[in-house]
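Participant: Here you go, one structure.
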Amino acid sequence: MSEDKLKLLSCHFTWDLQKEDADLNFLEVKIRERLAVKCEYEGNLKQREFNFLAFIKHLQGFDDEALKTLQLAKKEHPDDDGSVIVTYGNLAWVHSLMGSVTKAETYIEKVNEILRAFPAPSPAELHREVQSEKAWLLLKFSRKTYVRAKESFLEALQKEPDDKEWNTGFAFSLFRLEGLKIGQYKRVQFEESPAVLQLKKALNLDPDNAMIHVYLGFKCYKNTKTLNNAEAWQYMTQALAMAPDNLSVVLRVAKFMKKEQCYDKSLKVLLEMLKIAPDSSRLHHEIANNYRWKAMQMNDTHNPELLGLCIQHLEKGASLNPGYIYPQLELAQRYAERKQMAKAEQKFTELFALPDLKPADRQAWHRMYGDFKQYRWGSEKAAVEHYKQGMMLGRVSTEWITCRNRLRKILQNDRRDTYGIRTFFHSFRTENKDD
């Protein structure tokens with residue numbers, strides 16, 4: 001079969017999505033957790049989730065699992081209309097990759113039949129259902145595809161300026177892109193934020209969308225024109241009332257409450273959600289964080305009860321998602337706080353030995369292991385070496401800043417510069433002028 005026929009299909013395999021740009025394990029976990037929550041998916045959202053999951057399995061090298069997942073997507077919408085164009089395109093690709101040429105050609109013909117029966121407004125345009133699935137996928141896949149998502153929604157808006165979905169998607173794209181600037185310490189002010197204006201427009205068109213309320217709540221948070229976060233709380237409370245069983249909404253509202261240091265409120269929301277989604281590793285991680293911060297708020301970080309609950313949820317989260325490293329690094333630190341030093345050391349050793357550890361995870365490992373060496377074993381020399389190793393990985397995460405600050409603090413207390421930190425900083429600046 002000619003590969004040109006496959007390339008003409010509009011589906012995940014032709015949308016230029018690179019596996020190096022995404023955290024495939026985390027994406028898979030998020031999708032599976034959403035699917036596990038027993039709430040209704042509107043329209044074809046569940047079919048889209050299966051399509052996305054199937055593509056992730058393909059990128060991970062498991063085309064047999066991808067095919068099984070696409071069959072689930074097909075069952076979600078058995079009718080041959082515009083809603084299955086992407087699903088059939090994905091099926092054609094996977095069958096072709098697995099050597100089933102006849103089946104691949106069958107699905108290609110199915111797509112062509114649907115396009116003849118339900119044509120797009122013009123040959124240059126995507127069918128609406130395809131445009132929608134592509135745009136939302138770009139928004140979910142990776143921060144590197146946020147700009148393409150924004151452009152896709154904007155292109156659709158130019159044809160339908162008052163469309164509810166396109167306005168919402170465009171607003172979410174702007175919110176995500178401004179979030180990247182926040183990560184670079186360039187916070188976009190509320191009054192100057194294009195995302196805020198677009199979110200408010202989207203809310204007028206779709207007032208029942210809980211996630212719009214959540215995003216507006218975050219944009220209101222610490223607004224320089226207000227003395228408190230009353231407006232942010234109003235948005236968040238409304239979102240929670242509208243979607244109390246939506247895992248994504250609940251996690252974000254709980255994180256806002258944590259930022260406000262309302263740990264008991266956050267825990268109440270999270271523990272209620274845990275009854276609905278007991279196997280969500282993200283929920284367990286967030287619950288553990290709240291117990292940790294609550295103990296710190298009480299000036300009692302070694303509180304046996306809270307520390308025990310924190311460890312319990314970190315361990316559960318680790319068992320549910322062993323591929324997510326950061327919570328397990330926190331678990332090693334909590335073991336150390338409980339004076340279980342051998343257990344902590346073992347956990348650190350196990351994590352560092354994992355194959356294909358991402359640079360950001362490796363950087364976090366060096367920072368946290370450095371803290372372990374400095375604050376638990378009193379080995380400043382070993383800590384310095386790990387902070388240096390962390391910095392040498394580059395600005396792959398915010399841990400780079402933490403490693404640098406740790407070294408600066410040690411240097412302030414060590415005028416003789418016993419560990420050659422000044423020399424390290426100088427050589428580092430020379431080699432990395434952009435940093």
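The values are calculated or read from the model by the stated rules, or taken from the named source; none is laboratory data. Bear in mind the structure is a predicted one, so any value in this text is a computation, not a measurement. Note that each Cβ is placed from the backbone with ideal geometry, even for glycine, and that neighbours are counted across all protein chains shown.
Participant: If the Cβ limit is 8 Å and pairs must be 6+ apart or interchain, which residue in segment 236-263 that is farther than 17 Å from Leu203 by Cβ pairs with which residue that is of a type in the set (Asp, Glu) and crowded, with 22+ Cβ neighbours inside 10 Å?
Facilitator: Qualifying pairs under 8 Å: Leu251/Glu286; Ala254/Glu286; Lys255/Glu286; Lys258/Glu286.
A quick yes/no check of all residues on (1) out of contact with any Asp or Glu (no Cβ under 8 Å at 6 or more places or on another chain); (2) at pLDDT 95 or above; (3) buried (at least 16 other Cβ atoms within 10 Å of the Cβ); (4) not assigned by TED's automatic domain parsing to the domain that holds Lys46:
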position	(1), (2), (3), (4)
Pro119	yes, no, no, no
Val147	yes, yes, no, yes
Lys164	no, yes, no, yes
Phe170	yes, yes, yes, yes
Leu174	yes, yes, yes, yes
Leu180	yes, no, no, yes
Ala202	yes, yes, yes, yes
Leu205	no, yes, yes, yes
Asn209	yes, yes, yes, yes
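Participant: Same structure, new question: Looking only at residues that are basic (Lys, Arg) and at pLDDT below 95 in segment 36-73, which one is nearest to Trp136 (Cα to Cα)?
Facilitator: Selected residue: Lys46.
Participant: Something else now. Tally up the residues in segment 277-334 that are part of a helix (DSSP H, G or I) and among the acidic types (Asp, Glu), please.
Facilitator: 4
Participant: Can you run down the residue pairs with Cβ atoms below 8 Å, 6 or more apart or on separate chains, where the first is in segment 133-162 and free of Cβ contacts under 8 Å to residues at least 24 places away in the same chain and more than 19 Å from Ser10 (Cβ to Cβ) and the partner is charged (D, E, K, R) and surrounded by fewer than 21 Cβ atoms within 10 Å (Cβ to Cβ)?
Facilitator: Leu157/Asp163
Participant: Where the second residue is of a type in the set (Lys, Arg) and the first is part of a loop (DSSP other than H, G, I, E, B) and lies in segment 379-408, which pairs have Cβ atoms under 6 Å and are six or more apart or on separate chains?
Facilitator: Note: pairs meeting the criteria are Ser379/Lys373.
Participant: May I pose another question? Being surrounded by 14 or more Cβ atoms within 10 Å (Cβ to Cβ), farther than 27 Å from Glu399 by Cβ and touching a residue at least 60 places away in the same chain (Cβ under 8 Å): is that true of Glu129 here?
Facilitator: So Glu129 passes the test.
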